[in-house]
Protein chains: 4
Amino acid sequence: MRVVADINVTPIGAGASLSSHIAACEEVIEEAGLKYRLHAHGTNLEGSWEEVMQVVRRCHDVLHERGAPRVDSTIRIATATDKDQSLEGRIDKVERKIG
Amino acid sequence: MRVVADINVTPIGAGASLSSHIAACEEVIEEAGLKYRLHAHGTNLEGSWEEVMQVVRRCHDVLHERGAPRVDSTIRIATATDKDQSLEGRIDKVERKIG
Amino acid sequence: MRVVADINVTPIGAGASLSSHIAACEEVIEEAGLKYRLHAHGTNLEGSWEEVMQVVRRCHDVLHERGAPRVDSTIRIATATDKDQSLEGRIDKVERKIG
Amino acid sequence: MRVVADINVTPIGAGASLSSHIAACEEVIEEAGLKYRLHAHGTNLEGSWEEVMQVVRRCHDVLHERGAPRVDSTIRIATATDKDQSLEGRIDKVERKIG
């Protein structure tokens, strides 16, 4: 099952500056070879259910290794049986309808 | 890794009444034997990372089988390396501090 | 417009222990006189749109005053035109349908 | 207080195709004159707390007028007292740190 997901992974107790931790998580996604796009509150991901979940889990491990005692994440997942979905397809479809 | 999660699984294109679909997802959780607590915008779950993710995936399958062409879900996951977490522990800890 | 909301307010850069901060936010809700129920990943709230939003804003202010340089929150809001909604009504409706 | 927010507004009971409804909500944002960027699971917004909340509320109204009996939305809001935040600033800061 192919999914378009959105993930936000937040280290708690690792200071107020999150950007280097988020960059470490982007590198996990890059290494996994998934299509992704960073935005201001998370990262869109396209891949199989297992690939996406594996990446989030690996981000938790990496942030704990970087010193965060707690990691909270929010994952949004969309599945569809009536069509193939893609990260760009979801965006394009809306943009074509903006008047 | 033991996690305390929160899941919200929403069928799209299956009408305006969601309660019977949500109840079908609660039965998936019940069958999986996980500790859970329903609230007004989702369900708290306690289990291993794999158990929680397996339950969410099974909810997507069940809602698609029940006729929803699209299913969106939001999963929140908290992991901690500095203590054991439990669903009730997280709630009790806050309640004891309310003045 | 009456809404059933769910809020999660997370202070960033205020250490790893969040429970006292969350308790301070529960006191804001209590003072506002809204019906609420704490769960393991947030708090369900029932009130008018304005009341709920006012409470979240006040929680941000209080957590900044308590020393958090950054505060992230997630608010879920459900509105309905076909029925009156209540915090308990949403839970009861699902529970009656669990087989 | 300037905020960088992320909103996802989902009409329930208005069929399986959401793109035209989401486009209607983008037009609300456009009319409000806020800086925004659509992604595959929502829209990043930059503005004052009041402006952002007003836009979300107007999206609920517009989707109800378009026939959705229920509308669910998720709003993420980040506030900071230690720096000025911007939509692009949050993205750039992470991108500069990806190795």
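For segment A:1-19, filtered to residues that are small (Gly, Ala, Ser) and in contact (Cβ under 8 Å) with a residue 40 or more places away in the chain, the residue that is farthest from D:Asp92 (Cα to Cα) is A:Gly13.
Kindly establish whether C:Ser86 is farther than 23 Å from B:Ser19 by Cα and either more than 8 Å from chain B (Cβ to nearest Cβ) or touching a strand residue (DSSP E or B) at 6+ places or on another chain (Cβ under 9 Å) (or both). Against the criterion (farther than 23 Å from B:Ser19 by Cα and either more than 8 Å from chain B (Cβ to nearest Cβ) or touching a strand residue (DSSP E or B) at 6+ places or on another chain (Cβ under 9 Å) (or both)), C:Ser86 does not qualify.
Could you say which residue among D:Ile22, D:Ile75 is touching a residue at least 60 places away in the same chain (Cβ under 8 Å) and within 24 Å of B:Pro11 (Cβ to Cβ)? Please lay out each step first, then the result.
Details: D:Ile22 fails: touching a residue at least 60 places away in the same chain (Cβ under 8 Å).
The conditions single out D:Ile75.
Of the set (1) among the small types (Gly, Ala, Ser); (2) over 23 Å from B:Arg58 (Cα atoms); (3) within 14 Å of chain C (Cβ to nearest Cβ), all apply to A:Ala23 but (3). When each of D:Ala78, D:Ala68 is tested for being aliphatic (A, V, I, L, M), at the interface with another protein chain (Cβ under 7 Å from one of its Cβ atoms) and in contact with a strand residue (DSSP E or B) (Cβ under 9 Å, 6 or more places away or on another chain), the lone residue that passes is D:Ala78.
Read the figures in this text as sums done on the coordinates, not as results from a lab. As the structure is a computational prediction, the values presented were derived from the model and not from experiment. Please note: Cβ atoms are built from the backbone with ideal geometry, for glycine as well, and neighbour counts cover all protein chains shown.
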